[in-house]
Ligand code: PLP
């Protein structure tokens with residue numbers, strides 16, 4: 001067996017594999033409609049919203065673009081703190097959507113403070129909850145509150161790609177108006193679906209545009225259990241099956257994910273490795289490479305043990321390595337990975 005220790009795609013949940021082995025459904029039939037509606041209702045609970053969750057066929061980046069294009073009109077001013085590769089991407093997407101995006105640069109690995117975003121004159125704030133490229137977790141409720149005190153009419157959009165089903169999330173309770181995620185991370189499904197969660201406030205303020213990414217059109221179709229275009233219905237089946245298995249035990253699942261990631265940090269720090277993030281997300285453990293050791297050597301040491309890890313991105317390329325147990329691993333498998341980690345670094 002290969003140990004997939006990358007922060008997405010991840011080890012698949014057995015319920016996802018089982019669902020994917022079922023015969024093809026046509027998406028405009030009653031069983032497919034029922035499946036789609038159930039999946040959306042479970043996703044709403046997972047995101048913690050009374051609003052809507054739209055399922056898009058595409059990856060997380062597509063969902064980020066859909067959020068930027070439908071929540072804001074061209075020319076609107078949005079603040080985008082940049083503290084890793086994905087917050088950098090959110091900034092680029094905002095620019096591509098014609099927004100007047102203003103970046104607030106922080107060193108990779110750091111997280112923005114409430115006072116950083118308490119600036120007046122913005123229609124929106126875009127944040128990445130769990131910055132997978134550095135392993136950092138931001139305090140979404142505190143940041144959303146500070147931004148909205150300065151901009152009561154403003155909207156907060158959040159990337160929850162590696163926080164959904166990995167740690168607690170809740171749109172309205174966090175003051176987040178719209179959020180995105182994807183199928184291949186905490187949901188333990190294959191890549192191919194992006195999700196856009198819209199709070200009741202975001203639903204009232206939607207400014208749809210585009211064609212494939214016109215969320216008003218999607219909303220109309222998805223409320224009826226369909227999607228505007230042919231959906232990856234097999235993946236929707238996998239997502240529904242995993243959520244049915246996980247949601248009744250969500251608290252225990254999140255506790256397991258937190259324990260597993262803390263275990264990786266425990267092992268790494270005991271080996272003398274320096275963590276990258278100032279505040280740790282439970283989705284991934286990121287360490288600076290030991291002095292004089294190239295990333296290729298660490299990667300090879302894991303590969304000899306049949307394990308796949310991830311390196312750094314952007315300015316952290318060649319400087320860090322990342323391990324994740326976000327996938328479908330139990331407590332004992334995590335202990336096995338901890339032993340493997342210790343051995344690999346001793347090579
Ligand atoms: N945002 C975060 C925090 C991510 O970790 C990722 C994927 O690694 C993305 C966005 C982009 O998602 P995708 O690769 O599915 O387009």
Equivalent ellipsoid dimensions for the stretch 211-347 as semi-axes, Å, which come from the Cα gyration tensor, largest first: 36, 19, 14
In nm, spacing of pseudo-spin labels at residue 34 and residue 291 (7 Å Cα→C-beta vector): 6.5
Inter-label distance for residue 105 and residue 332, nm, one decimal - labels placed 7 Å from Cα along Cα-to-Cβ: 5.1
Taking the stretch 30-177 and dividing mean pair separation by its residue count, relative contact order in percent (alpha carbons under 8 Å, at least six apart): 23
Anisotropy class of the stretch 112-207 from Cα gyration tensor, a/c 1.5 cut: oblate
Cα Rg over Rh - the chain, Kirkwood: 0.97
Value at 222 nm in deg cm²/dmol, rounded to 500, when DSSP H runs of n ≥ 4 in the chain each add -39,500 (n - 2.57): -12500 deg cm²/dmol
Stokes-Einstein D in µm²/s, Kirkwood radius over Cα pairs - the stretch 228-274 at 10 °C with 1.306 mPa s viscosity: 118
Stretchable slack from residue 153 to residue 207, in nm (0.36 nm times residue separation minus alpha-carbon distance): 18.0 nm
Cβ-derived FRET efficiency at R0 41 Å, residue 262 paired with residue 217, nearest 0.05: 0.40
Paired Rg and Dmax values of the stretch 1-109, which use every Cα atom, in angstrom: 18.2, 51
Theoretical FRET efficiency, 1/(1+(r/R0)^6), r = Cβ-Cβ of residue 44 and residue 347, R0 45 Å, to 0.05: 0.45
The chain: relative contact order in percent, alpha carbon pairs under 8 Å with at least 6 residues between: 26
Gyration tensor (alpha-carbon) shape descriptor, the stretch 272-338, a/c threshold 1.5: oblate
Potential extension, residue 306-residue 170 segment - 0.36 nm per residue separation minus Cα distance: 45.3 nm
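Values in this text are rule-based calculations from the coordinates and carry no lab data. Remember, it's a predicted structure, so these values are computed and weren't measured experimentally. Reconstructed Cβ throughout: ideal geometry from the backbone, glycine too, with neighbour counts over all protein chains shown.
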